[in-house]
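Only the coordinates and a few stated rules stand behind these numbers; no lab work does. These numbers come from a predicted model, not from an experiment. Virtual Cβ from ideal backbone geometry, glycine too; neighbours counted across all protein chains shown.
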Amino acid sequence: MHALRGDAERYGAMVALETPVLSGRVEDGGIILETGGESPTRISANAVINAAGLGAHALARSFIGMPPDNIPPLHLAKGNYFALTTQSPFTRLIYPIPTPGGLGVHLTLDLAGQARFGPDVEWVDQVDYKVEPGRSDGFYAAIRAYWPDLPDGSLQPAFCGIRPKIAWPGGSETDFLVQSEKDHGVIGLINLFGIESPGLTASLAIAEWIARLV
C-alpha cells in the first residue's frame, strides 16, 4: 500500500488522512464535497470515486440527489480468526471447500511461521471487532475436517474483519458492484459497493476499469 501511495503521489495525487467526507452535491457541472476533521474544507471535483469500503453505503447516501433505490442493501459479514498456540506442522496454506458467504476456515502462515485459521462467517448487525472466544468450538470442528489431530485448547482469539456484502447466501451471487452516472444519474459520481477482501487483491484491475469510466 505504501508503494501504491508513492506511485500515486509521484503522478500528482494528494493523500488527506483524517478528513471524512460529510456530504456532496452536483453544482455547476462538477461535484462539491464538504469535508470534516480538524480542518473542514470544501473541495470541487470533476469526478468522485466512492471507494469507502464499509462506509461506501453511508457516503453514497450523503450525496444530494443520489437515488436511495440505487443503493444496494448492506450485509455485514464478520470474519473471525483464531491463532494456533502450538507449533504448526504445516509449511503451506490449506484451503478447504468454500462455505456460503466465505472461503471457509483456511490455514494461513505469517512471516514467522505462526499459523492462523479463518475466517468463519458471522452475520452481524453492527461493526464490532471483538472476537468471541466461544466461536472456537466451530473452528475446532472445521479445522479437524482436514487436521484431525488438532489438540484441544490450542486455539486463541486473534483478530477479525468485517466484509461489506451486498447479497445474502442463497440469494444473488453479486459481489462487486460499480455504479456510474448511467446507473444513478449523479454526474461525476462512481460508487463501488461490496468491495470486500478480494477487492484488495483485485484493486489494480478495478482501478483500470474505473479509469475507463472517468
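Phi angles of the range 53-69 translate, via the Karplus equation with coefficients 6.51, -1.76, 1.60 and θ = phi - 60°, into HN-Hα couplings of x, 4, x, 4, 5, 5, 5, 4, 5, 7, 7, 5, x, 6, x, x, 5 Hz per residue; Gly and Pro are given as x. Taking the C-alpha atoms only, the angle from helix 203-213 to the longest principal axis of the chain is near 20 degrees.
Going by neighbour counts of Cβ atoms within 10 Å, the residues Ser39, Ser23 line up, fewest first, as Ser39, Ser23. For the chain, the relative contact order works out to 22 percent when only alpha carbon pairs closer than 8 Å and six or more residues apart are counted.
Taking 0.36 nm per intervening residue step and subtracting the Cα-Cα distance, what contour gain separates Tyr95 from Ala211 on full extension? Please list the in-between numbers first.
Working: separation 116, 0.36 × 116 = 41.76 nm, distance 3.36 nm.
Going from the current span to full extension adds 38.4 nm.
Rounded to the nearest whole Hz, the Karplus-based 3J(HN,Hα) values (6.51 cos²θ - 1.76 cosθ + 1.60, θ = phi - 60°) of the range 74-80 follow the sequence 10, 10, 8, 10, 7, x, 8, with x at glycine and proline. Compared with the direct C-alpha span, the chain from Lys130 to Ala13 gains 38.6 nm at full extension, assuming 0.36 nm per residue.
The spacing between the range 90-137 and the range 1-40, judged by their C-alpha centroids, is 33 Å.
Which FRET efficiency, nearest 0.05, do Ala202 and Asp149 yield, Cβ-Cβ r, R0 35 Å?
Computed FRET efficiency for Ala202 and Asp149: 0.45.
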